[in-house]
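Encoded as structure tokens, the structure appears first; notes follow it.
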Amino acid sequence: MLPQVAVGRHCCAQSTNLANYRPFVGDELIDEIVALADQLKGLRLCQVNATAAGGGVAELLARMIPIYRALDIDADWRLIFGDKEFFTITKGLHNALQGGDFHITSSIAAEYLAHNRQALEALDAHYDVFVVHDPQPAAIHHFAQPNPGKWIWRCHIDSSQPNAEVWQFLRPYVEAYDAIVFTMPQFCPTDLKRDNVVFISPAIDPLSTKNMELPDDMCRRVIADAGVNLREPILLQVSRFDPWKDPLGVIKAYNLVKQQRPGVQLVLIGAMAADDPEGWQILESINAQAVTDPDLYVFTNLMGVGNMEVNAFQRGVDVIIQKSLREGFGLVVSEALWKEKPIVAGAAGGIPMQFPEGYEQFLVSGAEQCAERLLYLLDHPDEAVQFGRAGREKVRREFLLPRLVRDELRLIQKVLAK
Ligand code: UDP
């Protein structure tokens, strides 16, 4: 049996009472969710992905499953197995969907398919609807046939310009799904049949420990306890250590800022994900720079930096950075804006759609531009405050969890009706 992630078993979580979201998103949306869920009561829903922690998909599923269960939808979250070899292949597929180089040899294809077949054999296939996330388990649907359930493939990646070889390999597996979800229309490869494609953007949970309100004093204590100097400006990037998140570019931008503001500090927080072998190598290069710079701080989940600490850092620093070169969505952008923080971010993938109107100049491409905008925000704190406020309102209207739950329930209803 595929391992099941234990979330939402107990009904004491804030998020299991939908009424708690009403003050944020209003009654109309919550009433619509309740009405949709009423028609889907007892539905057996299986969400399948490759990792229970580290990265946006795990973050989303951890928040959505308890809500579904509270709505009497029988939702489970199952993980496919993988060893280092498999995850090295799937990271290659992931990068290639974003346009990176990757050559699928016959042995790579065989390894990928064998893992998907094994995953399917270990999956209890008695669900009404499966939502399969990203390329790692994309072929399990193929091995599941015939199966009376409905199958949705949810791609979280910017696949607008995929590596042709990898896309041609994955496309037949993906096309066979009952519905395919991308974050935005631009991400849909041009040769994909569009009749069963829908676009749904991710969202953040305002009630999670990652995003809930925290007292200023607590945020300051968390940051001070980590050894960071609250009297000097603090910049922060929270991201997996991944080349597309460009942590080395962030350090370059910070070094440029430091030439003008010698006291500035940079905090990099990065979760090490089980399905991301590249992360360790990047962490090593970052650490090599951090040992010679007392103002460059590197923290990981392995050092006990969890959701609450991330929340405290996001709230307590001066400016947030998300200098992605490619980005599916970038939950961290909404997380920062929800906390009314100004952000300088890469003009990549799903990031611009999260920016409030009038603040597009803080979408950047190179380290120099990033440094220049960071300095501007440090020098113009009033504007930084306005930016943060506008950002929170944008997130409130478009990127909070109930909207995502509503969109997914609508889609489930649609595929069941087919
Ligand atoms: N995250 C975290 N700790 C870390 C790094 C990331 O909790 O050290 C969280 C982050 O707050 C966000 C998610 O992981 O909720 C990352 O999602 P995002 O969409 O930004 O990027 P992905 O990793 O999915 O590419």
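Within the chain, all pairs of alpha-carbon atoms sorted by distance into 20 Å bins from zero give the percentages 27, 58, 15, 0.
Seen from Phe182, the other residues with C-beta closer than 10 Å to its C-beta sum to a net charge of 0, counting Lys and Arg as +1 and Asp and Glu as -1.
Ordering His156, His380 from the fewest to the most neighbouring beta carbons within 10 Å gives His380, His156. Overall shape of segment 1-152 was characterised from the C-alpha gyration tensor. The equivalent ellipsoid obtained from it has semi-axes of 32, 17, 13 Å, in decreasing order. In the neighborhood of Ala164, defined by Cβ-to-Cβ distances under 15 Å, what is the net charge if each Lys or Arg adds +1 and each Asp or Glu adds -1? Cβ neighbours under 15 Å give a net charge of -2. Residue by residue, segment 237-250 carries 3J(HN,Hα) couplings of 10, 10, 6, 4, 7, 9, x, 6, 8, 6, x, 6, x, 5 Hz when phi is fed to the Karplus relation 6.51 cos²θ - 1.76 cosθ + 1.60 (θ = phi - 60°); x denotes Gly or Pro.
Note that segment 159-165 has calculated 3J(HN,Hα) couplings of 9, 5, 10, x, 4, 4, 5 Hz, one per residue in order, obtained from phi through the Karplus relation 6.51 cos²θ - 1.76 cosθ + 1.60 (θ = phi - 60°); glycine and proline are x. By the gyration tensor of its Cα atoms, with a ≥ b ≥ c the square roots of the eigenvalues, what is the shape of segment 219-349: rounded for a/c under 1.5, prolate for a/b over b/c, or oblate? Since a/c stays below 1.5, the shape of segment 219-349 is classed as rounded. Going 7 Å from the Cα of Arg44 along its beta-carbon direction, which residues of segment 50-83 have the amide nitrogen within less than 12 Å of the resulting point? Only 74-76 fall inside the zone, counting backbone N under 12 Å. Other residues with beta-carbon under 15 Å from the beta-carbon of Leu256 carry, at +1 per Lys or Arg and -1 per Asp or Glu, a net charge of -1.
Put simply, the amide H of Val198, placed in the peptide plane, has neighbours under 5 Å in Ile180, Val181, Phe182, leaving out anything fewer than 5 places away on its chain. Take every Cα pair under 8 Å whose residues are at least 6 apart in sequence, average their separation, divide by the length of the chain, and the relative contact order is 16 percent. Annotation: amide H-H contacts under 5 Å for Cys46 (H modelled 1.01 Å from N, sequence separation of 5 or more, or interchain): Asp76, Val129, Phe130, Val131. Modelled spin labels at Asn287 and Met218, positioned 7 Å past Cα toward Cβ, are 3.1 nm from each other.
In the chain, the DSSP-assigned H stretches of four residues or longer account for a calculated mean residue ellipticity at 222 nm of -13500 deg cm²/dmol, using -39500 (n - 2.57) per stretch and the full residue count as denominator. Once you reduce segment 111-147 and segment 229-303 to the center of their Cα atoms, the two points are 37 Å from each other. With kT/(6 pi eta Rh) evaluated at 10 °C and eta = 1.306 mPa s, and Rh the Kirkwood radius from Cα pairs, segment 158-248 diffuses with a coefficient of 91 µm²/s according to Stokes-Einstein.
Every read-out reported here was derived from the displayed coordinates using simple, explicitly stated rules and does not represent laboratory data. Everything numeric here is computed off the predicted structure, so don't read it as measured data. Neighbour counts run over all protein chains shown; Cβ positions are idealised from the backbone, glycine included.
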